[in-house]
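Scroll down for the structure; my scribbles are underneath it.
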Amino acid sequence: MQKMRRYLVLLIVPAIFLLDRWTKVLIIDNLAYLQSVDFTSYFSLVHARNYGGAFGFLAQHGLAKYIFTLLPLAIIGVLVYVILAYPMPAMKTIALTCILSGAIGNVYDRLVHGYVTDFLDFYYMSHHWPAFNVADISVSVGIGLWLLSEALGTFRARKGRSDGSKVTGQG
């Protein structure tokens, strides 16, 4: 059952990848580069390109294209192996699968276009959070779930030790 669940959770990968591709294609086809459409006083869609890592990190560095293509490819390989080879709680499996899905979406962009298309733009007055996309959301949700899974695991382990020591101490 555990093994089947690990393979079933991989259905998340094509779903997130296709949603990421579809939204990026919509932006590329309907907004000129750097064009934006305001929806509220704090959110707009913008056609942005990220040549660096998260939040444009190292975008101007000459090796950024290689670093942010090869490193995620290695991470993708490790994640696929870990998800398929090691039994783990469902939350952790889903977390790693979300990270994997987002990494695949953004690596696809880098391999095909040489950059990642970002389009979700949140801001307050003139202060903009770096634009991001569905793949970035997937990675962020995955990291959040993974951290929550680790915290819950630590909490349960500590609770189990304290319960066990009480029983042992009484006998």
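From ALA64, ALA54, which residue is at pLDDT below 90 and open to solvent by less than 50 Å² (accessible area, probe 1.4 Å)?
Working: ALA54 fails: open to solvent by less than 50 Å² (accessible area, probe 1.4 Å).
ALA64 is the lone residue from the list that is at pLDDT below 90 and open to solvent by less than 50 Å² (accessible area, probe 1.4 Å).
Starting from residues that are small (Gly, Ala, Ser) and closer than 27 Å to LYS65 by Cβ, keep the ones in segment 82-126 and report whichever is surrounded by the fewest Cβ atoms within 10 Å (Cβ to Cβ). Lay out the reasoning, then the answer.
Just the residues of segment 82-126 that are small (Gly, Ala, Ser), to begin with: 85, 90, 95, 101-103, 105, 114, 126.
Keeping just the survivors that are closer than 27 Å to LYS65 by Cβ gives 101-103, 105, 114.
Values: SER101: 28, GLY102: 26, ALA103: 21, GLY105: 27, GLY114: 11.
For segment 82-126, the residue satisfying everything is GLY114.
Any residue in segment 116-131 that's of a type in the set (A, V, I, L, M): show its pairings with residues that are surrounded by fewer than 16 Cβ atoms within 10 Å (Cβ to Cβ) and in a strand (DSSP E or B) at Cβ separation under 8 Å, as long as the two are six or more apart or on different chains.
Correct list of pairs: LEU120/PHE43.
Let me confirm something: among GLY142, GLY171, which residue is of a type outside the set (D, E, K, R) and modelled with pLDDT under 90?
GLY171
Tell me, please, whether a residue that is open to solvent by less than 20 Å² (accessible area, probe 1.4 Å) and without any contact (Cβ under 8 Å) to a residue 40 or more places away in the chain can be found in segment 134-155. Spell out how you get there, then give the answer.
Residues of segment 134-155 that are open to solvent by less than 20 Å² (accessible area, probe 1.4 Å), as a first pass: 135, 138, 142, 149.
Still in the list and also without any contact (Cβ under 8 Å) to a residue 40 or more places away in the chain: none.
Looking for residues that are open to solvent by less than 20 Å² (accessible area, probe 1.4 Å) and without any contact (Cβ under 8 Å) to a residue 40 or more places away in the chain, one finds none in segment 134-155, hence no.
May I ask you to verify whether PHE17 is aromatic (Phe, Trp, Tyr), surrounded by 17 or more Cβ atoms within 10 Å (Cβ to Cβ) and modelled with pLDDT of 95 or more? Before you say what the answer is, go through the steps one by one.
Values: aromatic (Phe, Trp, Tyr): yes; surrounded by 17 or more Cβ atoms within 10 Å (Cβ to Cβ): yes; modelled with pLDDT of 95 or more: yes.
So PHE17 passes the test.
The values are calculated or read from the model by the stated rules, or taken from the named source; none is laboratory data. In this text the structure is predicted, and so the values were computed from the model without any measurement. In this analysis, Cβ positions are derived from the backbone assuming ideal geometry, glycine residues included, and neighbour counts consider all displayed protein chains. Areas reflect the complete protein model, heavy atoms only, side chains present, ligands, DNA and RNA absent. Shrake-Rupley method; radii C 1.70, N 1.55, O 1.52, S 1.80 Å.
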